[in-house]
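Here's the structure we're looking at; comments come further down.
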Amino acid sequence: MRPRVLVTEVLGEEALRRLRREAEVEAHDLMDPAEYRRRLGEFDAVIVRSAHRVTAADLEGAPRLKVAARAGTGVDNIDVEAATRRGVLVLNTPGANAVAAAEHTWGMLLALARHMRRADRHVREGGWDRAAFFGAEMRGRRLGIIGIGRVGREVARFGRAFGMAVTAYDPYVSDEVFRAYGAERANTLADLLVRSDVLTIHTPKTGPRLGRAELSRLPRGAYVLNVARGGLVDEEAVAELLAAGHLAGAAFDVFSSEPPPRDLALLGREDTLVTCHLGGSTLEAQERIGVRVAEDVLRVLRGEAPEDPVNLPYPPPEVVRAAEVLAAGEAAGRILAALGPPASTLRVLARGAFPSEALPLAARAAMAGLLRVSGEDGVNPVNALARAHDRGLALVSGQEDDGGGGRLLAVQFEGTPAVEVAAGEGGPPRLRAVLGARFDLPLGPALVITRHRDRPGVVGHVGTLLGDAGVNIAALELGRDRPGGEAVMALVLDGPVPDGVLDRLGALPEVSQAVAVELGAAGTAEAPARG
């Protein structure tokens, strides 16, 4: 059955065409809010822009929903915490409108510095007083950028092209990024402000607030721009500094209240330029955003890793395939849960060459697998940590150099032997250790593990019982401490163990423990992000 996708606002024909290849799509130019709330529960995925919210109440009435996507940069209109608790993956499209926003920033700066708005009006009114509109060149001036993310990097690139000295402040970005975009790093915001003839901010809402104290540090005659988020730059403080002659001009595309009040001081000044939140509003940007969010939603619905997840830490695709990490983590968690009752702390360790970037996702997958076997309904890697917290189950993860090779993920309860699975090596995960015994078995749809005395005929009896029940053994390995001692056997099966067979296995005289684990997709390299 094809998944159903709801598109609440205009997305673009190419995006809709791609969605319709794999899903049933109901698309609206602007969906009625009451109808949206009433019908959200009919869909597997929803794509919103700015006019609709995805609230906790909306999610409560949509148990079928797997993914909520914002065709835009932020996710202010999606309750990410509520979505996470319900196991709904949240997506957005950061940077898809970066070029548009950067170009708008520069368009506003040049129009401001060259008095284009005033000169246009002057000519339309019949004037031709060229001397009244002498402007300022950007070449040789100092450009200060707060936030050198996707938009800030494009602004920096344009600044270099205009012959400006570019300095940026962003404590979360590496020196390599600064060097790549020709920007000098300012170690503090104060350091940036005092050497910025032009100041522009490109951060999320969590970025620094620029009030009168901060803006007063700018050199006399500086220009200030906000094409990022309303409220990051104090509009009243800018108006005061313009009136005092400290600032030469200011440009705002966003405001703390939108639309801004008619009596806002900035709106009455000739040395300001204002637009109505147009930074990302180009046809090209909107088409890019639509296509990108459509492709990402389809990836999730196919069980693949999305490019822009908000509430699940996928590793970079060049490091490891997320599907392999999910499969290995969930398989290890399910196997561990089947071996005995859970303790209060789950330990998930990366061993050997297992990439540290993949450990957060692997840990959530292991917790999801554990909780599923333990009877938790509706759990997946998105909400696994929240569900574990509710049950008083803690998670500890870390890197451990065991001196061995391979990409190994070890999952254990405190004081118990680890279940060790190899991941990220191509193909399905491989079982490498269980109950202290070493193996190298490619996992499949189901697994049986026995602990027994090493006696002749035990392996045959187990195989006969499974064969009589119509279960095919795909692979088998045996580990033992010594001849005649304790042995552990792992059998990879082509299908689940029928009812009653496990009891008969456990009743064999030499068998002290027999467990069956249904792995399903967790035994493949195509494990879905949501169960």
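Around GLY231, which amide H atoms from residues at least 5 apart in sequence, or from another chain, sit under 5 Å from its own amide H, with H modelled in the peptide plane?
Long-range HN contacts for GLY231: SER256.
Gain in length, ARG139 to ASN187, computed as 0.36 nm per residue apart minus the alpha-carbon separation, to one decimal in nm?
Details: separation 48, 0.36 × 48 = 17.28 nm, distance 2.43 nm.
Separation in residues times 0.36 nm, less the Cα-Cα distance, equals 14.8 nm.
Using Cα pairs under 8 angstrom and six or more residues apart, how large is the relative contact order of the stretch 322-523, in percent? Intermediate results must be reported in sequence, preceding the final value.
Values: 454 pairs, mean separation 45.4, N = 202.
22 percent.
Based on alpha-carbon atoms only, what is the radius of gyration of the stretch 23-78 relative to the globular estimate 2.2 N^0.38 Å? Present the calculation step by step, with values, prior to reporting the outcome.
On the way: Rg = 10.5 Å, N = 56, 2.2 N^0.38 = 10.2 Å.
After normalising by residue count via 2.2 N^0.38 Å, the value is 1.03.
Can you work out the FRET efficiency for the pair ARG124 and GLU26, with r the C-beta to C-beta distance and R0 = 41 Å, to the nearest 0.05?
Working: r = 46 Å, r/R0 = 1.13.
So the FRET efficiency works out to roughly 0.35.
Counting each pair of different Cα atoms once, what's the Kirkwood radius of the stretch 90-135 in Å, rounded to one decimal?
Details: mean 1/r = 0.0782 Å⁻¹.
One over the average 1/r among Cα pairs gives 12.8 Å for the stretch 90-135.
Ranked from highest to lowest mean number of other Cβ atoms within 10 Å per residue, what is the order of the peptides 460-466, 292-298, 30-36? Show your work: numbers first, answer last.
Values: 460-466: 16.3, 292-298: 23.9, 30-36: 13.6.
For the peptides 460-466, 292-298, 30-36, the packing ranking is 292-298, 460-466, 30-36.
From zero outward in steps of 10 Å, how is the percent of C-alpha pairs of the stretch 1-105 spread across the bins?
P(r) over the stretch 1-105, rounded to whole percents: 15, 48, 30, 7, 0.
Label points 7 Å out from Cα along the Cβ direction at VAL194 and ARG482: separation in nm?
7.6
Once you have the Kirkwood Rh of the stretch 188-345 from its Cα pairs, apply Stokes-Einstein at 4 °C and 1.567 mPa s and quote D in µm²/s. All intermediate terms of the calculation are to be shown ahead of the outcome.
Working: Rh = 19.7 Å.
In µm²/s, the coefficient is 66.
Once you place label points 7 Å from the Cα toward the Cβ at SER174 and ALA132, how far apart are they in nm?
Distance between the two pseudo-spin positions: 5.4 nm.
Counting Lys and Arg as +1 and Asp and Glu as -1, each charge on the Cβ, what is the dipole of the stretch 98-274 about the Cα centre in debye, to the nearest 20?
Computed charge dipole of the stretch 98-274: roughly 360 debye.
Under the classification rounded if a/c is under 1.5, otherwise prolate if a/b is larger than b/c and oblate if not, where does the stretch 46-187 fall, given a ≥ b ≥ c as square roots of the Cα gyration tensor eigenvalues?
Details: a/c = 4.31, a/b = 1.74, b/c = 2.48.
The shape class here is oblate.
So, by mean Cβ neighbours within 10 angstrom, what's the order for 492-502, 231-241, 63-73 with the highest one leading? Display every interim value, and only then the final one.
Numbers: 492-502: 15.9, 231-241: 19.8, 63-73: 22.6.
My ranking of the peptides, most packed first, is 63-73, 231-241, 492-502.
Using Cα-only point scatterers and the Debye equation, what is log10 of I(q)/I(0) for the stretch 309-362 at each q in 0.20, 0.23 Å⁻¹, rounded to two decimals?
Cα-only, vacuum Debye calculation for the stretch 309-362: -0.77, -0.94.
Provide the per-residue ³J(HN,Hα) series for the stretch 388-400, in order, calculated from phi with Karplus coefficients 6.51, -1.76, 1.60 and θ = phi - 60°, each as a whole number of Hz, with x at glycine and proline positions.
5, 4, 4, 8, x, 9, 9, 10, 10, 9, x, 9, 9
Can you tell me the relative contact order of the chain? Whole percent, Cα pairs under 8 Å, sequence separation 6 or more. Before the final figure, lay out the partial values.
Working: 1146 pairs, mean separation 62.6, N = 531.
Reported as a whole number, the value is 12 percent.
Provide the three semi-axes, in whole Å and in decreasing order, of the ellipsoid equivalent to the stretch 98-274 as defined by the square roots of 5 times the Cα gyration tensor eigenvalues.
On the way: eigenvalues 137, 69, 44 Å².
So the equivalent ellipsoid measures 26, 19, 15 Å along its semi-axes.
Quote to one decimal, in nm, the extra length available between GLU414 and ARG438 on full extension: 0.36 nm per residue of separation minus the C-alpha distance between them. Write out the running numbers ahead of the final one.
Working: separation 24, 0.36 × 24 = 8.64 nm, distance 1.94 nm.
Additional length available on full extension: 6.7 nm.
Counting only residues 5 or more places away or on other chains, whose amide H sits under 5 Å from the amide H of GLY87 once H atoms are built in the peptide plane?
HN-HN under 5 Å from GLY87: ASN383.
Taking 8 Å as the Cα distance limit and 6 or more residues as the minimum spacing, I'd like the relative contact order of the stretch 249-395 as a percentage. Don't skip to the end; give the middle numbers.
Numbers: 150 pairs, mean separation 28.5, N = 147.
Relative contact order here is 19 percent.
Starting with the highest mean, order 411-421, 472-482 by the number of other Cβ atoms within 10 Å, averaged over the residues of each peptide.
On the way: 411-421: 20.4, 472-482: 14.3.
Sorting 411-421, 472-482 by mean packing, highest first, produces 411-421, 472-482.
Quick one: go through the stretch 20-41 and flag any residue whose amide nitrogen is under 16 Å from the point 7 Å out along the Cα-to-Cβ line of GLU295.
20-22
If you wrap the chain's Cα atoms in a convex hull and average its projection over all directions, what's the area in nm²?
Quarter of the Cα hull surface area: 30.0 nm².
How high is the FRET efficiency between THR55 and ARG455 when r is their beta carbon distance and R₀ equals 56 Å, given to the nearest 0.05? Let's see the in-between values first.
Values: r = 62 Å, r/R0 = 1.11.
Computed FRET efficiency for THR55 and ARG455: 0.35.
Going by amide H atoms built from the backbone, whose H comes under 5 Å of the H on VAL25, apart from near neighbours?
VAL5
Please grab the % of Cα pairs in the stretch 233-279 that end up more than 12 Å from each other. Let's see the in-between values first.
Numbers: 634 of 1081 pairs.
Everything past 12 Å amounts to 59 percent.
Per DSSP H run of at least 4 residues, take -39500 (n - 2.57); add these up for the chain, divide by its residues and hand me the 222 nm value, nearest 500 deg cm²/dmol. Spell out each step's value before the answer.
Working: 17 runs with 166 residues, N = 531.
Calculated mean residue ellipticity at 222 nm is -9000 deg cm²/dmol.
Give me the number: length gained by fully extending ARG269 to ILE473, i.e. 0.36 nm times residue separation minus the C-alpha to C-alpha distance, one decimal in nm. Mind showing how you got there, number by number?
Working: separation 204, 0.36 × 204 = 73.44 nm, distance 8.04 nm.
Gain in length upon complete extension: 65.4 nm.
Give me the percent of Cα-Cα pairs in the stretch 322-523 that sit more than 26 Å apart, rounded to a whole number.
In whole percent, the share of Cα-Cα pairs in the stretch 322-523 beyond 26 Å is 30.
Would you kindly work out the equivalent ellipsoid of the stretch 399-477 from its C-alpha gyration tensor and give its semi-axes, the square roots of five times the eigenvalues, largest first in whole Å?
So the three semi-axes of the stretch 399-477 are 27, 16, 10 Å.
Would the stretch 246-319 count as rounded, prolate or oblate if I go by the C-alpha gyration tensor, calling it rounded below 1.5 in a/c and otherwise prolate when a/b exceeds b/c, oblate otherwise? Display every interim value, and only then the final one.
On the way: a/c = 3.34, a/b = 2.87, b/c = 1.16.
Prolate, because a/c is 1.5 or more and a/b exceeds b/c.
Every number in this text was worked out from the coordinates using simple rules, so none of it is lab data. Remember, it's a predicted structure, so these values are computed and weren't measured experimentally. Backbone-built Cβ (ideal geometry, glycine too); neighbour counts: all protein chains shown.
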